[in-house]
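Worksheet for the structure shown next.
The values are calculated or read from the model by the stated rules, or taken from the named source; none is laboratory data. Remember, predicted model here, so these are calculated numbers, not experimental data. Glycine gets a Cβ as well: all are built from the backbone with ideal geometry, and neighbour counts include every protein chain shown. With ligands, DNA and RNA removed, areas are computed over all heavy atoms of the protein, side chains included. Shrake-Rupley method; radii C 1.70, N 1.55, O 1.52, S 1.80 Å.
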Amino acid sequence: MNDDLRRVSRARPPEIQGWAASDEGRAVLDGVLRETRRPSPAKRRNRIFAIVAGAVLATGAGGVAVANGLPFSDGDPSGGMCARTLSADADLSQPNEKFDPADPAKACAESWTVMFGDGTPRPASFVACRHPGEDAGGSVIYPAERFADAAAACASIGSRPIP
Amino acid sequence: MLLGFRTRPPDEGWLEELFRQHADAVLTFLRHRTDHETAQDVLAETFTIAWRRKTDVPADPRGWLYGVARRVLANHRRSQGRTEAVVERMLTENRFEPGDSGIEDAIERHDTLRALAGLSEPDREVLLLTGWYDLTAAQAAQALGCSQAAYAVRLHRARKRLRAALNPITPGGSLAGRPAWETNS
């Protein structure tokens, strides 16, 4: 080590030792272990979204949005979500930015790595579909995968496109 | 039949071992930058991220953990609207009063901290990763999220600026800014 770095080293404050094995450290580790036993954030958001989407359907807001052809996520209290895959039970996550009604896929594309990590390549194209299934109604951007047509892509998961 | 053993998913042992080996070092790093409560919160999030991204954690995880802790703390600080002031904390927490190591050593430490405090945050960071936390070049580059070549260049420049900052207060230089217990003696 050079003299200047040695000098920096000599100004080093005391190190913490033994904390990890202390009661406090053990309590923090137990908290982390509890957190690891919970579903991943994307899956938790999926559940929250299902509840919100259900409420939308119950109040009829989702239906109004579809019937009137409003822009993406209008009338949807979830604000819209991004799906990792084109599937009815896909992991859902919220992007960092707000959805641009004119280009809602942009928010999902730009937040892709933050939401889903590097393990899932960012899709080349997306489609906007209503969330399918029992809690249908919410606004979701899905990867278009092999489909060139939004209606066909949404139909493949039992859904319909958002106008 | 296993009685008296808690059934756990197999990877929890990995996380516990990671925590046992590195939590003290990560907490030290964080406590130099923030209060104890925030440091614990950030540390917990750091190890939770390690769990969620366990396939990304390298065999030598130290630099990776410091890098995650840095980013989590930076996000936390952005949300709180505060800035990191690691060396200023050291200067104001009176950790460098003369002790067993003697007054000359205490003065040198104080002068070094003052010089570090005068550097830019990126310069200070690269110097502290090496000088305070003993990270290798590979570990420090990982903590900073840059290549080893970029780290080497950053360290070289930071050392040059540190030497320039130390120069006015090396022997024969100005005494301005030194602690009161020295100028009063």
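Does the stretch B:28-67 hold any residues that are open to solvent by 30 Å² or more (accessible area, probe 1.4 Å), more than 9 Å from chain A (Cβ to nearest Cβ) and under 18 Å from B:Gln139 (Cβ atoms), and which are they? The answer is B:Ile49, B:Pro58, B:Ala59, B:Asp60, B:Arg62. A:Ser40 meets the conditions (1) at the interface with chain B (Cβ under 7 Å from one of its Cβ atoms); (2) modelled with pLDDT of 60 or more; (3) surrounded by fewer than 14 Cβ atoms within 10 Å (Cβ to Cβ) in every case but one. The failed one is (2). Looking across the stretch B:9-27, the residues that are open to solvent by 10 Å² or more (accessible area, probe 1.4 Å) and in a helix (DSSP H, G or I) come down to B:Gly13, B:Trp14, B:Glu16, B:Glu17, B:Leu18, B:Arg20, B:Gln21, B:His22, B:Asp24, B:Ala25.
Under the condition of being part of a loop (DSSP other than H, G, I, E, B) and within 16 Å of B:Arg33 (Cα to Cα), the residues counted in the stretch B:120-147 number 3.
Here is a yes/no grid of residues against (1) modelled with pLDDT under 85; (2) on the phi < 0 side of the Ramachandran plot; (3) more than 8 Å from every other protein chain (Cβ to nearest Cβ):
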{"position": "B:Glu93", "(1), (2), (3)": "yes, yes, yes"}
{"position": "B:Gly102", "(1), (2), (3)": "yes, no, yes"}
{"position": "B:Asp105", "(1), (2), (3)": "yes, yes, no"}
{"position": "B:Arg114", "(1), (2), (3)": "no, yes, yes"}
{"position": "B:Ala117", "(1), (2), (3)": "no, yes, yes"}
{"position": "B:Tyr133", "(1), (2), (3)": "no, yes, yes"}
{"position": "B:Ala140", "(1), (2), (3)": "no, yes, yes"}
{"position": "B:Leu144", "(1), (2), (3)": "no, yes, yes"}
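If we keep just the residues of the stretch A:7-27 that are in a helix (DSSP H, G or I) and within 7 Å of another protein chain (Cβ to nearest Cβ), which is farthest from B:Gly102 (Cα to Cα)? So the residue we want is A:Gly25.
Note on the stretch B:28-46: residues that are in a helix (DSSP H, G or I) and among the charged types (D, E, K, R) amount to 4. Taken over the stretch A:149-158, the criterion of being touching a residue at least 12 places away in the same chain (Cβ under 8 Å), assigned to a loop (DSSP other than H, G, I, E, B) and not β-branched (Val, Ile, Thr) is satisfied by A:Ser156, A:Gly158. In the stretch A:98-117, the residues that are exposed (fewer than 12 other Cβ atoms within 10 Å of the Cβ) form Cβ pairs under 9 Å with partners that are not hydrophobic (A, V, I, L, M, F, W, C), at six or more places apart or across chains, as follows: A:Ala102/A:Pro71; A:Val114/A:Ser93; A:Val114/A:Pro95; A:Val114/A:Asn96.
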